[in-house]
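Shown next, in C-alpha cells, is the structure this report addresses.
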Amino acid sequence: MRNIQIGLLLGLRQIQRANVWTNVLIIFVMTLTFLNLIAVSGLLVGLIAGSERAFREQSLGDILVSAKADEKTILGSEALAREIATYPDVSSFTVRYIESASVEANYSERRDLRGERDVVSTRIRGIDPEVENTTTGLAQRIVEGSYLSPDDEGKILVGSLTLDRYASGFGDAFDTLGDVQIGDKVRVSVGNTSKEFTVKGILQSKVEDVSMGMFIPEKEFRRIFNRFDRNADQISIRLKPGVDENTVKKFMVAGGMSQYAKIETFTEGTPKFLTDIKNTFNLLGTFIGSIGLVVASITIFIIIFINALSRRRHIGILKAVGIDKRVIELAYVTQAAFYAFTGSLLGALITYGFLIPFFDANPINFPFSDGILLVETSSALIRTGILFVITLAAGFVPAWLIARQNTLNAILGR
Amino acid sequence: MIDATNIYRTFKTGTIETHVLKGVDVHVAEGEFVAIMGKSGAGKSTLLYQLSLLDTPNEGSLSLNRVDVLTLSEQEKTLFRLNTLGFIFQDYALVPDLTARENVMMPLLMRGEKWVDASLLADSALDSVGLVGKYNNLPGQLSGGEQQRTSIARAIVGKPKILFADEPTANLDSVSGEQVVALLGELNARGQTIVMVTHEPEYTHQCNRIISMEDGRIVKEKKQRRNKH
C-alpha cells in the first residue's frame, strides 16, 4: 500500500511539474489514438450500419413476418394481423402484397410497334398508404409529386432507380424507364393482365426495396394479381421504443403464429452478406486502429524512456535512500496511466459528444447507404482497455529498464 | 558500528583491470565522526560506496550495526539502507519535482509512516537544519546551501544509525560549507555516527578522526579533538 502511495505521489508530481506543452502533446497523441481506434472502425462499420438502419426503418421493421419456406404467402394473414394488433408492444405494422411485374412507359407514344419498348421488370408492392407511412415513413421518401391517398385509384409511386434520370450514375447496372414524369401513364403487366396507372410520386431512398420498386394501393393490387384470399407476403412490425424484439418474437412464436408464417427479428432477417461486410470492415478498422496503437505506444515508450533516462541519476538516488524500485516503476506507470486516461476521456467526449451526433445529423453520403458513426459500447470499452494496458506497458518497460540498473552506476551516470 | 576488513574493489573495462581499493580495513565506533580524505583517485568515494552498500566489494567482509551486510539480497540492502543508513550527496540529490517537505518525507513514507506524521516529522527535520517556512519550496527555489540542508534533513529524519556524507561541501561556498559542517558537528554531538568523504581539510575540524587514503590504501589515521570554531 505504501509503495502505491509513494509511487502515485512521485508520478503525479512528475506530471504536475512537467512542461505543460509536453503534457498537452502527449494527451493529444493519446486522444488521436483513441479516435483512430474507436472512430475509424466505427465509421467503416457505420457505412453498413447506416444501410441496416435504413432497411429497418424504411422496409423490414423490427420484426418481419413472411411466408414460410414451403408456402407462397402468409397463411391466414388477416387473422395474424388482428392478433398482431393486440400486442401492447407493437407500435404499428403494415401488411404488404408483393409480386413481380413488368412496367412499360412509352407504349402510347411509340409509333413503330417493332420499336424498342421502354419497359422494366420490377416488384410491385400493394400497400395501405396510411398504415405503410405510419410504419416506415414512406411518404418522406417522395422527391417528386405526392404520396398516395387512401382513396386513390389508378395511381402508382415509382422508385427513383427505375427511372433513367435518377439511375444514370449506376450505368447499365439495371433496366430503367426513360423520360417518365409525374402525371405520365405507365402500364403494369403481369401475365395477360395489364392495367394503366398514373405516376403520382417518385420515391428516393438508399433502401433497394423502395428505390427499385413501385407501390400501389392494396385493393388494386389484389385485383390485378388475383389475390382475393387476402393472404399477404410481408407484415412489417414496428415496436415501441425500448422494446426488445426478441422478447416480442418469443411471445409471437409461443402464441402459435409461427405455424402460419416465418417470424424473424430484424437482426435475424439481415442478409448474411451485410453481416459479413460489417465484420470485415470492423476487422479493417481494428487493423488500422492497431497501427495507431503501436505508434502511440512507441511514442509513450520514447517519452517515458527519455524522461526516465534524463532522471536516471535521481532514480539511483531514490534507490540509494531506500526507495524500492517498484515504487519508481509505479511512478512512471502512473504517468502513462494519466496520459492514457486523459487521452481516452477526451477521445470519448469528442466521440460521444460531437462525432456521433454530427454523423447522425450529417450522414456520409454513400451510394448504398447513409454512413453513420457506430460505436458499440462493449467494443469501445474493450478497445479502450487495450489502449490502456498497452500504454501502461509502454510506460512500465522503460522505467523497469532504468530502475533495474545498478544504483551506483545510475548515481554516477556511468 | 562499522567493521570493514580487507576490502578490495576492482573495476574491469574490457581487459583492463583497475584496482581502486587494495585491502582496506576501516572500523568506526558508535558516535564517531570520521573524515576520509585523499587526493582525487585515492579511492575515498569508492570506499564510502562500499561502506554504505551502494556498491559491493570484490573481496572482504563488512558488518554494519552488527549485520553481515554482504550476504543481503539487493532488496534487503535497499531495506537496510532505508532503516539504518542516511546519505548526503555532493550535489544534494533532491527530487526536483518534490517540495522540500516531500523530499524529506520520502524515506518516512517508505518506512510506513502515515502521511500526516511523516509531514510533521519532515517539517521538524527541516526546522532543525534552519529551513523554517521553506517546506513547500521546490529544490529549484532553494539556494545550494539550503538544498544541501534539505538533503541533510532527509538523511537524518529517519534517525539513521550511520550517516554517510559524500563531499557534502564540494558544491557550496565557504559560508554555506561551514554551516553544513557545523550542522554535521551538532548531529554528531547528539550521538550521530558520521562518515564523511572530503578533500577539503578546513572542513574536518568537527571530526574525531581523519583517515587519509592514497592509491587505494589507508596511509594514515589521525585522531583529533573536535574544534567547534
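The values are calculated or read from the model by the stated rules, or taken from the named source; none is laboratory data. Owing to the predicted nature of the structure, the values given are computational and were not obtained by experimental measurement. Methodologically, a virtual Cβ is constructed for each residue, glycine included, from the backbone with ideal geometry; neighbour enumeration extends over all protein chains shown. For accessibility, only protein heavy atoms count, side chains too; no ligands or nucleic acids. Shrake-Rupley method; radii C 1.70, N 1.55, O 1.52, S 1.80 Å.
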Check your understanding: Relative contact order (percent) for region A:68-260, with alpha-carbon contacts under 8 angstrom and 6 or more residues of separation?
Key -> 32
**Study point:** Cα-based convex hull volume of chain A per residue, rounded to whole Å³
**Key:** 184
Practice item. Please give the residues of region B:110-153, grouped as numeric ranges, whose backbone N is less than 12 Å from a label point set 7 Å along the Cα-to-Cβ vector of A:GLN16. Key: B:136-138
Point to revise | Label-to-label distance, nm, for residues given as A:VAL389 and A:THR86 (7 Å Cα→Cβ offset) | key: 5.2
Check your understanding: Considering amide H positions built from the backbone, and no H for Pro or chain starts, which residues 5 or more places from A:PHE93, or on another chain, come under 5 Å of its amide H?
Key -> A:ARG238
Exercise for review: Please express the shape of region A:68-260 as an equivalent ellipsoid: the semi-axes are the square roots of 5 times the eigenvalues of the C-alpha gyration tensor, given largest first in whole angstrom.
Suggested key: 33, 18, 15
Review point. Taking 0.36 nm per residue of separation and subtracting the Cα-Cα distance, what length does fully extending B:LEU120 through B:THR18 add?
Key: 32.0 nm
Exercise for review: Taking 20 Å² as the minimum loss, tell me which residues in region B:70-98 lose that much accessible area going from the chain by itself to the full protein complex (1.4 Å probe).
Suggested key: B:GLN75, B:THR78, B:ARG81, B:LEU82, B:PHE87, B:PHE89, B:ASP91, B:ALA93, B:VAL95, B:PRO96, B:ASP97, B:LEU98
Point to revise | Residue-level accessible surface for A:PHE358, protein heavy atoms, 1.4 Å, Å² | key: 90
**Study point:** Contour excess over end-to-end distance, with Cα ends at A:ASP184 and A:ARG222 and 0.36 nm allotted per residue
**Key:** 11.4 nm
Check your understanding: Just how large is the dipole of chain B about the Cα centre, in debye to the nearest 20, putting +1 at every Lys and Arg Cβ and -1 at every Asp and Glu Cβ?
Key -> 480
Study note, to complete from the structure: In short, region A:322-348 residues buried by 20 Å² or more of accessible area relative to the isolated chain (1.4 Å probe) are A:GLY322, A:ILE323, A:ASP324, A:ARG326
Revision key, fill the gap. Any residue on another chain or 5+ positions along whose placed amide H is under 5 Å from the amide H of B:ILE88 is listed here as B:PHE164, B:ALA165, B:ASP166
Review point. Which of the DSSP-defined H helices in chain A satisfy a minimum axial length of 15 Å, computed from C-alpha atoms, and a minimum mean Kyte-Doolittle hydropathy of 0.5?
Key: A:20-55, A:272-310, A:325-350, A:377-403
**Study point:** Residue with peak Gaussian network fluctuation, chain A [Cα springs, cutoff 10 Å], from A:GLY183, A:GLY395, A:GLY371
**Key:** A:GLY183
Check your understanding: How high is the FRET efficiency between A:SER146 and A:GLU71 when r is their beta carbon distance and R₀ equals 41 Å, given to the nearest 0.05?
Key -> 0.70
Exercise for review: With θ set to phi - 60°, apply the Karplus curve 6.51 cos²θ - 1.76 cosθ + 1.60 along region A:145-155 and write out the HN-Hα couplings as whole Hz, x wherever there is a Gly or Pro.
Suggested key: x, 9, 7, 5, 9, x, 9, 5, 9, x, 10
Review point. With N residues in region A:257-349, what two-decimal value do you get for its Cα radius of gyration over 2.2 N^0.38 Å?
Key: 2.00
Check your understanding: What percent do you get for the relative contact order of chain B when only Cα pairs under 8 Å and 6+ apart count?
Key -> 29
Practice item. Determine, from the Cβ-Cβ distance of B:GLU186 and A:ARG313 and an R0 of 25 Å, the FRET efficiency 1/(1 + (r/R0)^6), rounded to the nearest 0.05. Key: 0.30
Review point. For the pair A:THR342 and A:THR198, what calculated FRET efficiency results from E = 1/(1 + (r/R0)^6), where r is the Cβ-Cβ distance and R0 = 45 Å, to the nearest 0.05?
Key: 0.10
Point to revise | For the protein assembly as shown, share of DSSP beta bridges that run antiparallel, in % to the nearest 5 | key: 70
Revision key, fill the gap. Rounded to one decimal in nm, the spacing of the 7 Å Cα→Cβ label points at A:GLU130 and B:TYR8 is 10.9
Review point. Which lysines have a Cα less than 18 Å from the Cα of A:LYS325, not counting those fewer than 8 places away in the same chain?
Key: B:LYS77
